[in-house]
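A.B. asks: Please see the structure below; I have some questions.
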Amino acid sequence: MSDVFSRLAPFIREYIYSHGWTELKSIQGDAIHAILDGDRHILISSGTASGKTEAAFFPVLSQLAMQQCSSVSVLYIGPLKALINDQFERLNDLLLEADIKVWRWHGDVSASHKKKLLDNPSGILQITPESLEAMMLRHSGDIIKLFSNLQYIVIDEVHAFMGSDRGGQLLCQISKIERWAKCEPRRIGLSATLGDPDQAARWLCLGSAKDAIQISEGKTKKQIRLAVDWFEEDTSPEESDSPNAEMQTQAYYQSIYNQCFDTKSIVFTNSRSEAEDVIAHMREIAENMHAPDIFHVHHGNISKILRTEAEQAMREQEGPTVTAATLTLELGIDIGKLERIIQVGAPYSCSSFVQRLGRSGRRTGISEMYFTYLDEPPKDENLLNSIPWPLIQMIAIIQLYIEERWIEPTNRKPLPFSLLYHQTMSMLATMGELTPSELARNVLTLPSFSNITQDDYRKLLLHLLDIEHIQKTDENTLIVGLKGEPIVNHFTFYAVFPDEEEYTVSCDGRELGSINILPPEQVCITLAGRFWKVIDLDVQKKHIFVKPAKKSFEKLWRPNGGGDIHTKIVQRMHDVLSEVQQYPYLFERAQIRLEQARKLVKNNRFSNNHFVELSEGNYMFTPWIGQRGLRTFSILFRNKEIQNRLNLLSASLKGYSYFIRSRLSLPVFQRELVAVLQEPLSLEKLVNPKDVLPIDKYDYLLPTDLLIKQYVQNMLDLNEIRELFG
């Protein structure tokens, strides 16, 4: 690739030499050609640590080095402040010998630093969507000056934005910058985990007349090592405080400690409380063994200082270092040469599994991941409660990746009415006042709202007038209303994801961090990787007072968590339970537990039939579908007319199955259910407004009919459940 190398700016060639690189990777060569020789948008997809960032910035910076910047030339958008900070350091290192300025803009950056950018915009601006929203609201008069010569928009971790209101907000922001600053920047999307690259390329181009060229590294040759362990308390709930239960718990945490104490590892968990729990136990084990404390915690509720300490330790510290984290370390932060990933519990998606797996193995070329889980004893003799669902889910996700390299597709929300409220208020706050037709023209032409009709938008505006979030002036223009002003003027308006209640936790006047759910008094919580006992609560001031807990076996409080599972994962879980295949990555106790579950399922004819008759008039219905389909069945089963047709007494969802009581015999019930599904159905008419809970941030401000329409389009799938019965 000598011809490609020669096209790079001298300071970049020197950077490559100084870092001992002997060649450019194929995606870097392809990206250099695509960026320097074309004008299309570009989607770069390849594995973690494969050089995507350099593939984008080497040619972009080579172009910038030959130009005079009259505004920000490159807008880099990342999903996390930590990723922004990491990329800031990497680019500063790269640009030491170049006259190109790199700017950060987020909540932790000083006002003086931001003012310097506003006074003299140039170079590269790194920002999150939330900070970009704040900039566009607070400094709308500076947008033209800031971006009049914007040439590139680099969106890192594209998959983290697609399919969410946050991604929709980002697309709206890009369109508004292009309109107001009259610029046509090329878009460069970066991602390591894409289920459907074509879909991602289309998303990247929304609102633009250009299409995108796709660049990928092809199939990776990276080896993977997987192991799945399993622990189960063999005591009843009444005996949960027994020595045997405590012994099982200690063995579980000891197994995690054994996997990580001599490595540089990340322990990924599905909740912040689990991350805290694991590290608190790791520290306790290390203390008992007189071993060094090499443990850290990294998540959104940990203070900035502690997060930074964790990142620096992972990146710079020699020898073993362990950090427990949620998705904050799942994305592309540079955390050094990881040797092993430990996953506590089953990840909710194949995408998350692949992203986390790819964090390890930079040095050896072998990615290692150890799965483990501590299962609670069944609460009753129910068939479903006797199946180790997290174990089955782990295996299903692993097999889908091994067999098909499958990753979930990410679909846009058809009707993002919550985002529509946000962008309507944002537009009015920015523009000052607009006629209804001007407001509709400015908002509905944004790329996220292509499926929203004029009639539905009119309904929304009339509702907002009624509730005084917008108001009409004497000149018949619209402005932000009295009840809308406190929302728009509050800093939480910059984000479109729901606000989390935060409760500050302190000990002896020292702030430790925060948690999102209020615990009861006299329980033990974990924060900053240590145990604390709750001694007092100030609910009004959202303050929790704690003292160090001396023993981890004091009552430990764990809030519940959860996540949506795709239908394909659920169907593969069905296959795991019904097939005879052996999985070489299972530890012996996990293999034994799987065989017990398979035997139980076979004896109850659970895997071969959607319906199992438990007793006369009592059926278990397992459609083996994901959350969208299960929600749709729930809507049908709660409708009075359908209940009467099915003689339905009750239908309760537990896990992936419905427990149904009906006066009909099972054959008649099945026949009637199929008949119902074959008829024309309007889910909007079947949905009870009481069943539609606010999900997105501003759902509570929507009129009921739009809330129901949004719920049906975004959360249900009638076609999927119809396909079950042909």
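A.B. asks: Can you spot a residue in the range 654-667 that is surrounded by 20 or more Cβ atoms within 10 Å (Cβ to Cβ) and part of a helix (DSSP H, G or I)?
C.D. replies: No, the range 654-667 has no match at all.
A.B. asks: Taking the condition assigned to a helix (DSSP H, G or I), out of contact with any His (no Cβ under 6 Å at 6 or more places or on another chain), on the phi < 0 side of the Ramachandran plot and loosely packed, with under 12 Cβ neighbours inside 10 Å, does Lys690 pass?
C.D. replies: yes
A.B. asks: Please determine whether any residue of the range 468-480 is in a helix (DSSP H, G or I) and either modelled with pLDDT of 95 or more or over 32 Å from the mean Cα position of the chain (by Cα) (or both).
C.D. replies: Here is the first cut: in the range 468-480, the ones in a helix (DSSP H, G or I) are none.
No, there is no match, as no residue in the range 468-480 is in a helix (DSSP H, G or I) and either modelled with pLDDT of 95 or more or over 32 Å from the mean Cα position of the chain (by Cα) (or both).
A.B. asks: May I ask you to say which residue of Thr504, Thr473, Thr477 is under 30 Å from Glu433 (Cβ atoms), touching an Asp or Glu at 6+ places or on another chain (Cβ under 7 Å) and surrounded by 12 or more Cβ atoms within 10 Å (Cβ to Cβ)?
C.D. replies: Checking each option against the conditions leaves just Thr477.
A.B. asks: Continuing with the same structure: Restricting attention to the range 50-70, does a residue exist that is under 23 Å from the mean Cα position of the chain (by Cα) and within 28 Å of Lys697 (Cβ to Cβ)?
C.D. replies: no
A.B. asks: Might you let me know whether the range 52-67 holds any residue that is closer than 25 Å to Arg359 by Cβ, touching a Lys or Arg at 6+ places or on another chain (Cβ under 8 Å), touching a residue at least 40 places away in the same chain (Cβ under 8 Å) and surrounded by 17 or more Cβ atoms within 10 Å (Cβ to Cβ)?
C.D. replies: Looking for residues that are closer than 25 Å to Arg359 by Cβ, touching a Lys or Arg at 6+ places or on another chain (Cβ under 8 Å), touching a residue at least 40 places away in the same chain (Cβ under 8 Å) and surrounded by 17 or more Cβ atoms within 10 Å (Cβ to Cβ), one finds at least one in the range 52-67, hence yes.
A.B. asks: Restricting to the range 461-470, give me the number of residues that are out of contact with any helix residue (DSSP H, G or I) (no Cβ under 6 Å at 6 or more places or on another chain) and either buried (at least 17 other Cβ atoms within 10 Å of the Cβ) or in the same structural domain as Asp699 (by TED's automatic domain parsing) (or both).
C.D. replies: Total satisfying the criteria: 4.
A.B. asks: Continuing with the same structure: Within the range 120-127, can one find any residue that is closer than 18 Å to Ile42 by Cβ and surrounded by 22 or more Cβ atoms within 10 Å (Cβ to Cβ)?
C.D. replies: Among the residues of the range 120-127, at least one is closer than 18 Å to Ile42 by Cβ and surrounded by 22 or more Cβ atoms within 10 Å (Cβ to Cβ), which makes the answer yes.
A.B. asks: May I pose another question? Taking Glu311 and the conditions (1) under 30 Å from Gly195 (Cα atoms); (2) outside any helix (DSSP H, G or I), which numbered condition does it fall short on, given that it satisfies the others?
C.D. replies: (2)
A.B. asks: Which residue out of Glu684, Glu720 is over 28 Å from the mean Cα position of the chain (by Cα) and not polar (S, T, N, Q)?
C.D. replies: After ruling out the rest, the residue left standing is Glu684.
A.B. asks: Only one of these is buried (at least 20 other Cβ atoms within 10 Å of the Cβ) and over 18 Å from Lys176 (Cβ atoms): Leu420, Leu400. Name it.
C.D. replies: Being buried (at least 20 other Cβ atoms within 10 Å of the Cβ) and over 18 Å from Lys176 (Cβ atoms) holds for just one of Leu420, Leu400, which is Leu400.
A.B. asks: Mind listing whichever residues of the range 611-633 are in contact with a strand residue (DSSP E or B) (Cβ under 8 Å, 6 or more places away or on another chain) and surrounded by fewer than 17 Cβ atoms within 10 Å (Cβ to Cβ)?
C.D. replies: Of everything in the range 611-633, those that are in contact with a strand residue (DSSP E or B) (Cβ under 8 Å, 6 or more places away or on another chain) and surrounded by fewer than 17 Cβ atoms within 10 Å (Cβ to Cβ) turn out to be Glu613, Leu614, Gly617, Asn618.
A.B. asks: In a strand (DSSP E or B), closer than 21 Å to Val674 by Cβ and in contact (Cβ under 8 Å) with a residue 24 or more places away in the chain - does that describe any residue in the range 600-608?
C.D. replies: no
The values are calculated or read from the model by the stated rules, or taken from the named source; none is laboratory data. Not measured: the values here are computed from a predicted model. Every residue, glycine as well, gets a Cβ built from its backbone with ideal geometry; the counts of neighbours run over all protein chains shown.
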